[in-house]
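Report on the following structure.
The values are calculated or read from the model by the stated rules, or taken from the named source; none is laboratory data. The structure presented is a predicted model; accordingly, all values stated were derived computationally and were not measured. All Cβ positions, even for glycine, are placed from backbone atoms using ideal geometry, and neighbour counts span all protein chains on display. The area values use the complete protein model at the heavy-atom level, side chains included, leaving out ligands, DNA and RNA. Shrake-Rupley method; radii C 1.70, N 1.55, O 1.52, S 1.80 Å.
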Amino acid sequence: MKPIVWVVFLLGLVGCQLGAKRDLSKNAVLGKAVFAEEKCFQCHTMPMSQIGRKYGDDWHYAHLWDPRLVVPSSAMPGYPNEFFLIKVVVGSKTYMTPSGGSAYGINRTPNLESLFSFNPSKFIYLYVSDVSWKTLPNGLKAFLPMSLSPETKKDGTPVVWARGSLQGRVNPGDQITLIAPQAPLEESVAFLQGQETAEKPDWFDIVDSKSKVVSGASIKLGKKVYEENCAVCHGTRGIGDGPASLFLYPKPRNLVSGEYKFKTTLSDESPTDADLYRTVTRGMANTAMPGRSSLPTRARWSVIAYIKSLARDRAKRPPRHLLVIHEPELAPSTLAEHRDRGEALFVGKAKCNDCHGPGGQSQDKLPHGDGPSALILQDDWGYPIHPADLAGGILKRGNSPKEIYITITTGMMGTPMPPYSDTLTDEERWDIAYYVSHLNQTHGK
Ligand code: HEC
Ligand code: HEC
Ligand code: HEC
């Protein structure tokens, strides 16, 4: 019997994070009707408490497929019938992937031709998921984050790209089932994302970087906390392959490889415990990574001790260079001048525009994350990654000048976002941070 594999239709999601060029307001109005029709109101009132952008769209799809994938104790019903299931068969034609690996075409059927343009010069990568299909019922599915209908036909040729543990194990003739949300579900998610967004405490200010693990924290307790709260996404072994990961992009982090995006230490060093405490407490906005401020302090410090114990040796080495942050005291009258300098550096010396897009005064020249290099970027785990939309997107670390300054200084480990601690002066980094933070406030709504 041919093996059956799960695929995640990742590129669509990148596109959907990328642009959000779809008409959200129209979707959101329809979404409200859908919300009523689906009887969500049986249990939920509106507004649902600050749900807008609390999670990424991907989290919502996983949750609507089966709430227990992301909230193990959930009593909410799943809505798997609101997704399309599309069976495809792997073809024998091979294609080169951007990372030099190979991908297979899929056999064309009239059904697929109504969904994809099969434009030969564009590829739509279908990522075969590492998730063991044994952990999900009736293993015959996969995921397309955006609903496919003849009206939203995808322009490109779909090709299957097997990565991770499935590399080399997907062969011509294998059957793959794609899961895609149907339009009403997509509209419900747009409706939820359009609700009020919570003000999060600044990522940086949650805990003093010198705080120590509270007494009574233990790896043993941490393991229990991890299994109850984290394993659905990060996997029982911590390699990021929990059952929910099928639906998620960015993927849950591989905690064994020990690469962290958010830290106050220099580029390739480990984060401080306080950095990890912040991530666990605050979560990462607009991704599936939830904040867990509701867990007792001791449980949070314990789970940190546990995830550190899972990491490889290099990642266990204590950090040596802690970032010292001196936020300049600017006279308000000089702020505009600093921003202007920041803007000039953004497109000049620092070349942020290579990835984040142009920058500049006019509305159509804002850095929406679509610079010339944007389409070819990958993260260290081999998935395509899109530069943040600095002119209106939700930044994961936060939108204050201080948070942006830290991102510019440390970079984001595991991603193409480079550290500028050596190439820009402290003052230059602050100036760019003022510019970027202001962009986001003026165009963020
Ligand atoms: C039978 C009751 C019930 C129905 C019907 C229901 N939910 Fe829920 N919902 C819950 C419960 C219980 C939770 C809390 C546990 C969880 O997050 O899964 C929840 C949580 C949520 C959350 C997460 C809130 C947060 O802040 O974390 C969202 C979003 C949500 N529901 C959306 C929906 C949508 C959309 C529908 C209709 C398609 C729906 N729910 C139908 C019971 C329900
Ligand atoms: C619903 C899925 C989900 C759950 C539950 C979850 N995470 Fe995550 N986590 C993610 C995703 C997705 C990312 C990657 C986000 C990104 O890279 O943008 C992530 C990233 C992280 C990171 C990396 C932070 C950094 O600086 O790069 C840490 C540490 C982490 N999670 C710890 C935890 C811990 C501890 C728990 C349980 C208390 C937990 N996560 C629960 C999905 C989840
Ligand atoms: C080589 C490409 C590249 C260059 C050059 C680059 N970035 Fe980025 N940047 C990225 C990518 C990719 C991400 C998204 C990483 C993620 O979400 O995990 C990102 C994310 C960011 C974020 C968002 C962080 C968050 O909290 O979500 C900020 C702010 C940022 N970059 C600012 C800058 C600035 C300012 C410069 C120039 C000084 C710059 N970047 C140069 C690729 C780049």
Single condition Tyr226 does not satisfy, out of (1) more than 16 Å from ligand 3 (Cβ to nearest atom); (2) hydroxyl-bearing (Ser, Thr, Tyr); (3) open to solvent by 30 Å² or more (accessible area, probe 1.4 Å): (3)
Cross-chain or 6+ apart pairs with Cβ under 7 Å, the range 282-298 first and on the phi > 0 side of the Ramachandran plot, then of a type outside the set (Phe, Trp, Tyr) and near ligand 2 (Cβ under 9 Å from one of its atoms): Gly283/Met289; Gly283/Pro290; Asn286/Gly56; Asn286/Lys396
In the range 272-285, residue surrounded by the most Cβ atoms within 10 Å (Cβ to Cβ) [restricted to those that are of a type in the set (A, V, I, L, M, F, W, C) and more than 16 Å from Leu323 (Cβ to Cβ)]: Val280
Any hit, the range 66-78, residues being in the same structural domain as Phe191 (by TED's automatic domain parsing) and touching a strand residue (DSSP E or B) at 6+ places or on another chain (Cβ under 8 Å): no
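Condition check ((1) more than 10 Å from ligand 2 (Cβ to nearest atom); (2) in a loop (DSSP other than H, G, I, E, B)) across all residues:
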position: Pro201; (1), (2): yes, yes
position: Val225; (1), (2): no, no
position: Gly238; (1), (2): no, yes
position: Asn254; (1), (2): no, yes
position: Lys261; (1), (2): no, yes
position: Pro271; (1), (2): no, yes
position: Leu276; (1), (2): no, no
position: Ser293; (1), (2): yes, yes
For Ile394: the one exception among (1) open to solvent by 30 Å² or more (accessible area, probe 1.4 Å); (2) within 16 Å of ligand 2 (Cβ to nearest atom); (3) β-branched (Val, Ile, Thr); (4) at pLDDT 85 or above: (4)
Candidates Ala344, Ala374, Ala433 - the one that is over 30 Å from Gly100 (Cβ atoms) and touching a Pro at 6+ places or on another chain (Cβ under 7 Å): Ala433
Only listed residue being of a type in the set (Val, Ile, Thr), modelled with pLDDT of 85 or more and surrounded by fewer than 20 Cβ atoms within 10 Å (Cβ to Cβ), chosen from Thr409, Thr425: Thr425
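Looking at Ala299, Ala288, can you tell me which residue is under 25 Å from Leu126 (Cα atoms) and open to solvent by less than 20 Å² (accessible area, probe 1.4 Å)?
Numbers: Ala299 fails: under 25 Å from Leu126 (Cα atoms).
Exactly one of Ala299, Ala288 is under 25 Å from Leu126 (Cα atoms) and open to solvent by less than 20 Å² (accessible area, probe 1.4 Å), namely Ala288.
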Near pairs, Cβ below 6 angstrom, 6+ apart or cross-chain, from the range 389-415 (more than 17 Å from Glu427 (Cβ to Cβ)) to any residue that is within 16 Å of ligand 1 (Cβ to nearest atom) and open to solvent by 20 Å² or more (accessible area, probe 1.4 Å): Ile394/Arg53; Ile394/Asn286; Lys396/Met284
Close pairs from the range 49-62: first at pLDDT 90 or above, partner among the aromatic types (Phe, Trp, Tyr) and more than 6 Å from ligand 1 (Cβ to nearest atom), Cβ under 7 Å, at least 6 apart: Asp58/Phe247; Asp58/Tyr249; Tyr61/Phe247; Ala62/Phe247
Meets criteria (out of contact with any strand residue (DSSP E or B) (no Cβ under 9 Å at 6 or more places or on another chain), open to solvent by 60 Å² or more (accessible area, probe 1.4 Å), of a type outside the set (Gly, Ala, Ser) and farther than 30 Å from Phe35 by Cβ) for Pro110: yes
Within the range 73-96, considering residues that are part of a loop (DSSP other than H, G, I, E, B) and open to solvent by less than 60 Å² (accessible area, probe 1.4 Å), the one farthest from ligand 1 (Cβ to nearest atom): Gly78
Condition check for Ala244: part of a helix (DSSP H, G or I), near ligand 2 (Cβ under 8 Å from one of its atoms) and farther than 24 Å from Asn399 by Cβ: yes
